[in-house]
Structures are given as structure tokens and as C-alpha cells.
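Scroll down for the structure; my scribbles are underneath it.
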Amino acid sequence: MTIDWQAEAAKRQDDYLADLTTMLRVPSFRDDSQATADAPLGPGPKQALTTFLAIAKRDGFKTKNIDNLVGYAEYGEGDETLAVLAHVDEMPAGNGWDTDPFEPTIKAGKLYARGASDDKGPGMAAYYGLKMVKELGLKLNKKIRFIVGTDEESNWTGMKRYFEVEPAPTLGFSPDAEFPLINGEKGNVSLQVHFGATDTGAVSLISFDSGLRENMVPREAEAIIANADVDQVTADFKTFLADQPVTGTVTNDAQGLKLAIVGKAAHGMEPRNGINAGTYLATFLNNYAFAGDAQAFLNFIATKLHKDSRVNQLGLAFTDEVMGDLTMNVGLLHFDHQQGGDLTLNFRYPKGIEPADLTNGVTAQLPAGATVSQDDFMVPHYVDPEDPIVKDLMDVYRRQTGDSASQPEIVGGGTYGRMMKRGVAFGALFPHTEDTMHQANEFQPVADLMAAMAIYGESIAVLATDH
């Protein structure tokens, strides 16, 4: 049976876009402040999960909701299980959008919305790939589970729960990265650096805030300072901004002088793609007569972290010839003159270095009185390029795109693919398309999403009848 997968995808474009629009209209970033027993990650993730499962049930799949944390749609039978692992949560929208981030808008063939690229657009394309396989009545020899998590952008609580209570899949892929295929992912760990609250200088740091998530380059930063020479700081700030790739404002505040900077958000796996507003603002403020912990907070950022994603200033630069550079994203920056300061440094590390090495290295560079703590971590993940899952998926990609030159890649991003020994990340960002994940004005071309749907359909058919 010869199947024109691209033609089959085209037949379903209107239905796909309608279902995707439904999903994209749900603001589904994790919000612990609104968590309840029934919605443990907040109302948005729960709503996105139940919305997806309702779509899958409508389409005739067996579905299961596990504690409003994770769920799946199941099709077929077999002793082995092929898993497709997607996520229905997303990053907070943040500012800087030209359209409503939760009202999907198509302009010039591009679909704009939070989650259009990461991961609702690709996830629903993969779901429609499975739906095509079901509707075509293909004979399979594996059970297929399309599993959706609800906090991939934070702690993976949902997907971890799935693997605690359900059998591990035999093999699978996550449609949550880029084509052609990701067969290796760096390790992932965050360190928190803690500062006290002493602030005895001629100028006082009342507050400093920047960042929405540890795995996102902060677009915005804001600080309030007191006892400063307003005219001098304003003039200095204007001069500083003229020479830097950021914009900013100075305004009067009831507590003092408020300085704000706007940079560029980006995915934390490659901080060089963004412009960290927080570290730029700290670098500017480090020129003034702060003292105590406030000064230590600003100086550590300015001298050890600013514009140094390869951690040279911390003495931790490291490269593996297969997995590439160790990288660091300064994702969260906060100081309060009553409670002290905290920084969250998110590291993507290759094989050959361990989280303990990072903790020890950062500790060695800390100013007096500062401390560091470490979160849970994920170890590097690697699937041999000769594994049949890699070969089969690459064959499908090459067959449908005509791209015979591209090779499997290793990245700093972390996907659910690493939850499986034979798990990879597969699409849906094509090499020719701009990466806007975690940014304002996130988009994915509709044509790319339809091409991905066709690739996913054939890939599921191949993997569920082979190996």
C-alpha cells in the first residue's frame, strides 16, 4: 500500500488548525500559586491536558488521565510500545508581543501564539500523524501511546509520574525540538546562589527583578535604587544604553529611582540567542557606591556572569568533542533589601563533567557570605546513530524533504525523549525556520507544521511495524 503522506496531511489541515487553535487558546504555563489538589500544577496545565484528552476521545482513542498531571491516547496492540511524548504546558507569554499570545493569528503563512512552536503546534502535528495512521487502518505490531505532560518547561512532574505508574515504552520520540533529529541531549542542572540583605552603601539597592523561568533568557529587568544622584544616574544610563544592544527607561518611584532594561528573550539552552536584560542592568549598576550584600550581588553578576554563557569567568569552561560546550543561562535574578538576593543559573552540560563540579566551581568564585544550592539534575542522554530508531526516522525525514545532507544532532535542550533509553527528539523546527521558542511573537509556519504532520504519520507507521 503506497501512501502519499503529504496529501493525507493536506486533507486534514482545516481540522488540525481548528484543534490546534483550541489548544493554543488555553494559557497553560505552570502556576504553583493557583495549585489545588485537583489541579496540582495550576488550572492552565490541567485545562490543556483535559482539552487534549477530549479531542483524542472524540477521535476514538482510548484515553487516560493520571492525576491531572499527565495523560495518554492509546491505539493498537502489541507486546512492545511505541511512545510519542509531547507537552501541553508552555512558557509564560511575557511582554513584547505584536498579537494576543493566546489568540492564534496567521500572518504571511506563519501561525503566531504562545505554544505554536513549543510544543502545541508540533505536538498536535504528531497527534494528527497518529490519527492518520488510525484512519488509514494500517496494520501495526506495536501498541502506540501518545503521552502528554503538563510541566515540561519546569520540573517534569507529570512525565515522571507516568514512568512511575505505567510500563516504560520500548522506544519513541518527542516532537519537541528540531529536524532532522536529536540523538543526544546535554545534562541539565540549575544552581541557586544566595546573598544576604546587607546594603550599607551611599546608594541603596531597594529591589532588583529579572527573569520569568530559569530556562529562558530574561527579556526585561527592573531595579529601584535610593539615595542616588538622579541627574547623574540618568545621564550615565543614557550613555550606557547608547553603546549596548538594549533599551531602557529611568522613572521616579515612591521608593527611589526606577531603572528598566529590555533585551531579548530566548531559550536557555543557547543563551547567545538572547540578550539578558538582567545582567546588563547589574553591569550598569555595578558602577555605583553600593556596599555589603547588595554590592556583592551586583558585582558577581557583572564580573562573573555577564555575557559569559561559556562560563570562562567562573573557571568552568568545558567542551566535549561529541556533545559540545558547557553553557550557562542566568535565568532568574532577584534582590530585596529586606530579604536578600538569589540567582538561578541553568547549566546544560556535556558528558565529562558532573553537577558536583559545577557546584564546587561556582562556590569557589562566590563572594564572602554567599552560598550555593543545587536542584535535581538530568544526566546527558545519547542514542547511537546506528540504532534503528535513528536510521528509520532519518530515512523518513530524508525521503519526504529531499534533504540528504543533514545529520543527527546533539543539543543543549532537554526533551522527554531522554526519558526512554531508545528515545530521541524529532522535529518540528525545520533547519530553514527561525527558532522563536520562549520568545515574544513565537511562531511556526503553517506549511512547516503540515510537512511535520506528514513526516510524523509515516514515522509512526514505520516504527510501529518494524524493529
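On full extension, the segment bounded by LYS160 and ASN287 gains 41.2 nm, given 0.36 nm per residue less the C-alpha separation.
From most to least packed by mean Cβ count within 10 Å, the peptides 448-454, 29-35 give 448-454, 29-35.
The ALA202 and GLN407 beta-carbon pair, evaluated with R₀ = 35 Å, returns a calculated FRET efficiency of approximately 0.05.
In segment 188-376, the DSSP beta bridges split such that about 100 percent are antiparallel, to the nearest 5. Here the spin labels are modelled as points 7 Å beyond Cα on the Cα-Cβ line, and at ASN360 and SER33 they lie 4.0 nm apart. Spacing of the modelled spin labels on GLN374 and GLN339, each 7 Å from Cα toward Cβ, amounts to 2.6 nm. Consider the candidate values (i) 78, 46, 44; (ii) 79, 56, 40; (iii) 92, 51, 40; state which one is Cα extents along the principal axes in Å computed from the structure displayed. For Cα extents along the principal axes in Å, the calculated option is (i). If the Kirkwood radius is taken over C-alpha pairs of segment 188-376, then at 10 °C and 1.306 mPa s the Stokes-Einstein diffusion coefficient equals 96 µm²/s. Magnitude of the charge dipole for the chain, about its Cα centre and with charges confined to Cβ atoms of Lys, Arg (+1) and Asp, Glu (-1), is about 700 debye. Residues of segment 300-325 with backbone nitrogen within less than 11 Å of a virtual label 7 Å along the Cα-to-Cβ line of ARG272, please, listed as ranges. Under cut-off, by backbone N: 309-310, 325. When only the Cβ of Lys, Arg, Asp and Glu is charged (+1, +1, -1, -1), the dipole of segment 317-467 relative to its Cα centre reaches about 160 debye. Partner aspartates and glutamates whose Cα lies under 13 Å from the Cα of LYS134, excluding those fewer than 8 positions away in the same chain, are identified as GLU8, ASP59, GLU74, GLU77, GLU458.
Taking packing as the residue-averaged number of other Cβ atoms within 10 angstrom, the listed peptides 329-336, 431-438, 276-283, 367-374 run from highest to lowest as 276-283, 329-336, 431-438, 367-374.
Taking 31 Å as the limit for the C-alpha separation, the pairs LYS307/LYS351; LYS64/LYS107; LYS110/LYS238 exceed it in the case of LYS64/LYS107; LYS110/LYS238.
Since only GLN339, ALA223, ALA266 are under comparison, the one whose Cα sits farthest along the positive direction of the charge dipole of segment 188-376, derived from C-beta charges on Lys, Arg, Asp and Glu, is ALA266. Pairs exceeding a 28 Å alpha-carbon distance, out of LYS11/LYS142; LYS57/LYS391; LYS11/LYS120: LYS57/LYS391. Of the peptides 410-421, 234-245, 382-393, 62-73, the ranking by mean beta-carbon count within 10 Å, highest at the top, reads 410-421, 62-73, 382-393, 234-245. How much FRET efficiency would the formula 1/(1 + (r/R0)^6) give for GLN232 and ASP15, where r is the Cβ-Cβ distance and R0 is 45 Å, rounded to 0.05? The calculated FRET efficiency here is 0.15.
Working from label points 7 Å from Cα in the Cα-to-Cβ sense, the THR319 to THR251 distance is 4.4 nm. The 3J(HN,Hα) values that the Karplus relation (6.51, -1.76, 1.60; θ = phi - 60°) gives for segment 148-162 are, in residue order, 10, x, 10, 8, 4, 7, 9, 10, 6, 4, x, 5, 4, 5, 4 Hz. Gly and Pro appear as x.
Read the figures in this text as sums done on the coordinates, not as results from a lab. Predicted model only: the values in this text are computed from it and were never measured. Heads up, the Cβs are rebuilt from the backbone with ideal geometry, glycines too, and the neighbour counts pull from every protein chain shown.
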